Amino acid sequence: MSSDQKIEASALLVSTIKGVGEKLSSTLSKLGIITIEDLLFHFPIGYQDRTTLKKIAELEPNQDFVVQGVIEKVSQTFVPRKMLLVKIKDNTGHLYLRFFYYFPGLRNIFKEGTLIQVSGSSRLGRYGLETVHPEYEIVKDNEFKPQILAKYPLTKGITHQKMRKLISEAIELIKLEKIEVSDLLPPHNFSSLNESIVNIHSPDPKSNIEEFLVGGSSEARKRIGLEEMVANKISYLSIREQNKNRITSTFQNDRLAKTINSSLAFKLTNDQVSAYEEISADIATQTPMLRLLQGDVGSGKTIVAGLVAAHVVEDKKQVAILAPTTILANQHYQNFVEWFGEEEVKLLTSKIPAKEKRLIYENIAEGKTKIIIGTHAVFQEGVTYKDLSLVIYDEQHRFGVSQRLKLKEKAEDYPHQLLLSATPIPRTMAMGVLSGLDISTIKSLPPNRTPVVTTTLQNNRRDALINRIKSAISKNSQVYWVCPLIDESESELIGIEDLEKILKKEFNSKEYEIIHGKMKDTDKQRILSDFKEKKTKILLATTVIEVGIDVPDANIMVIENSERFGLAQLHQLRGRVGRGEKESFCILMHSDSLTELAEKRLQIITETNDGFVIAEEDLKLRGPGDILGLSQTGQPSFTFFDLLADETLQDEAERLAQEVVKLPAEQQRKIVERWFPAHLELSDV
Ligand code: ADP
Ligand code: MG
């Protein structure tokens, strides 16, 4: 058959595969599989190794295996539940197969004396080694066929065996040159897409499985990973492309910013000045800004945002500032009131009484209020802006993409957007996942900081800790004491209530207060201001204090069960101390025995105060998935592309992406759709 007769896989519905009826089609659609191309892009999440035939005696519990054996006995029992028990043996030992769900005819397939091949996963059962619901086949010509079998994401109504069968039918069609998946990338030196798809679904049994997994060295994996990254880049680059065609207000006046700057009690650091200049240059042009300002905890991002906001306020336009929590919104409100005065700045959270809220809405709609600070309440239905021109998102990774979009819809013109992040983003990641954003970085902390001294301490040395804290608070120190949970739902974790019991015995009840996320906001506010005013010495808290709280006199941070936290989060928490003149300490409590990985991670935190170094190390130890809370933001985690191992592929992906964004929108759309259908909402390519 000549190549021009191949049909495009995206033009064929899955129902064109034989055996796929209405019911199966509808099941497949739940997995996003509508066409044969979708089916072929339903990639394996792992593989089952069936390359070596084992002897039964060689099997160990909890491993995947293939054996051949003769059926010795078949029995059906009903206690404790209905099941079929099949005993097989080879010349080294015996193995039980258990089936809880089976069709009645299965008994007759398993005839005593028949040689069968069984593959599955072993476990230790009551009578020795067994396997539940294994795959099986009758051995015909005494031959063993080594296989690497793909494992797929499934949904109710479809089994692995079925999914494999469907995909292998589609693959057969490619091999017979009846269909093809069209290659949407510009020319490159990687292997062909169709060949790669075939190989990734059914690797050569002689190869090493690792080569086909994320980061692996097979040609197929690289080709697919490359396309995945290109697709990801396009979805962001296209936002940027569209942005280029949008026009928004420009801001050049910096008189107000200068006035505010000169009234500050401190001098901006060089990094703050350059970040401010970069952002000012962005909003001086008609293209809407899309910039991330990243800087370690306490590096002073807020004032930079404040000075930029001053440009907009000076021109009588509006700024919205979004904080992830009410506490943080309040704190920003206090700062901005100090810089801009009460008239211009309003706080908008869901807790504000309706009557008051209506008045605030009115002032916003009339343009009297220039700076609106709040939680997602600033997105709410009732809010209309007169001329919203700049949106600042603090701790951006806490907001979902859809929330961001909602706000954009409110603005008549497309506003400038500034994202603040205290989670430094390693370069390798920034290139991969944020290619649509410009980035400004504040590298160094203000000069008045003394680095936090961080130590680890085993739980069994708690007495020593308590003595140390007693002595410190007698010398006017203040302490944050952080627990991962409100109460202990897992026994080895110390909950805030357990800890309170301990503190009750050791400290005067006026010396400490408890704060956690489930409290009323008004209570939280009161407790925080008591702490700020030094009425209390110890703040017993959950991670509600993680983000942005600023109490310069607190200089001790105790973190319970520190091995349970992510490195970025530990670093954030630690950033609550080390903000004043006094030397600061962070004590990481942990269980008496640690895994090697946990030990390594805590060691990183004790050895450096540099958030960028921590982020890089975290990326190496954990992989990229969790660093930004990517799943939360709707940003992708990759199936095949490995942000670390594939640094060399990045440049090629970037080159291809830059070419693809010049192609017609329809073509760009196709690539993104294959990989990240959810991004389409975002980028309206
Ligand atoms: P973050 O970057 O974590 O949001 P903040 O903006 O809250 O940090 O700043 C932390 C603290 O540092 C604040 O109390 C702020 O007033 C102070 N600060 C900011 N810039 C400077 C500076 N250049 N010199 C001294 N203190 C500063
Ligand atoms: Mg901040």
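The values are calculated or read from the model by the stated rules, or taken from the named source; none is laboratory data. Every value quoted in this text rests on a predicted model; they were computed, and no experiment measured them. Methodologically, a virtual Cβ is constructed for each residue, glycine included, from the backbone with ideal geometry; neighbour enumeration extends over all protein chains shown. Only protein heavy atoms, including side chains, enter the accessible area calculation; ligands, DNA and RNA are left aside. Shrake-Rupley method; radii C 1.70, N 1.55, O 1.52, S 1.80 Å.
A few notes on this one:
- When residues of segment 519-534 are limited to those that are acidic (Asp, Glu) and free of Cβ contacts under 8 Å to residues at least 12 places away in the same chain, the one least open to solvent (accessible area, probe 1.4 Å): Asp523
- Lys222 meets the conditions (1) farther than 23 Å from Lys145 by Cα; (2) touching a residue at least 40 places away in the same chain (Cβ under 8 Å); (3) open to solvent by less than 40 Å² (accessible area, probe 1.4 Å); (4) not in a loop (DSSP other than H, G, I, E, B) in every case but one. The failed one is (3).
- Filter pass, Gly32 being among the small types (Gly, Ala, Ser) and surrounded by fewer than 17 Cβ atoms within 10 Å (Cβ to Cβ): yes
- One residue from Gln572, Gln603 being modelled with pLDDT of 80 or more and away from ligand 2 (no atom under 16 Å from the Cβ): Gln603
- Among the residues making up segment 117-175, those that are among the aliphatic types (A, V, I, L, M) and open to solvent by 60 Å² or more (accessible area, probe 1.4 Å) are Leu124, Ile138, Leu154.
- Note on segment 138-189: residues that are part of a loop (DSSP other than H, G, I, E, B) and closer than 26 Å to Leu106 by Cβ total 14.
- Yes/no for Leu347 being in contact with a Leu (Cβ under 7 Å, 6 or more places away or on another chain), in contact (Cβ under 8 Å) with a residue 24 or more places away in the chain and either more than 16 Å from ligand 2 (Cβ to nearest atom) or not in a helix (DSSP H, G or I) (or both): no
- Against the test of being under 26 Å from Ser207 (Cβ atoms) and assigned by TED's automatic domain parsing to the domain that holds Val198, the options Gln161, Gln68, Gln63, Gln117 yield a single qualifying residue, Gln161.
- Any hit, segment 381-388, residues being open to solvent by 30 Å² or more (accessible area, probe 1.4 Å), in a strand (DSSP E or B) and not assigned by TED's automatic domain parsing to the domain that holds Lys524: no
- Glu563 falls short of the stated requirement of being away from ligand 1 (no atom under 14 Å from the Cβ) and open to solvent by 60 Å² or more (accessible area, probe 1.4 Å).
- When segment 314-370 is filtered for residues that are among the aromatic types (Phe, Trp, Tyr) and either under 24 Å from Leu419 (Cα atoms) or open to solvent by less than 30 Å² (accessible area, probe 1.4 Å) (or both), the ones remaining, listed by number, are Tyr333, Phe336, Trp339, Phe340.
- Residues of segment 488-523 satisfying the condition of being farther than 19 Å from Met589 by Cα, in contact with a strand residue (DSSP E or B) (Cβ under 8 Å, 6 or more places away or on another chain) and at pLDDT below 85: His516
- For the residues Gly125, Gly120, Gly113, the requirement of being of a type outside the set (Phe, Trp, Tyr), within 20 Å of Ile209 (Cα to Cα), in contact with a strand residue (DSSP E or B) (Cβ under 7 Å, 6 or more places away or on another chain) and touching a residue at least 24 places away in the same chain (Cβ under 8 Å) singles out Gly120.
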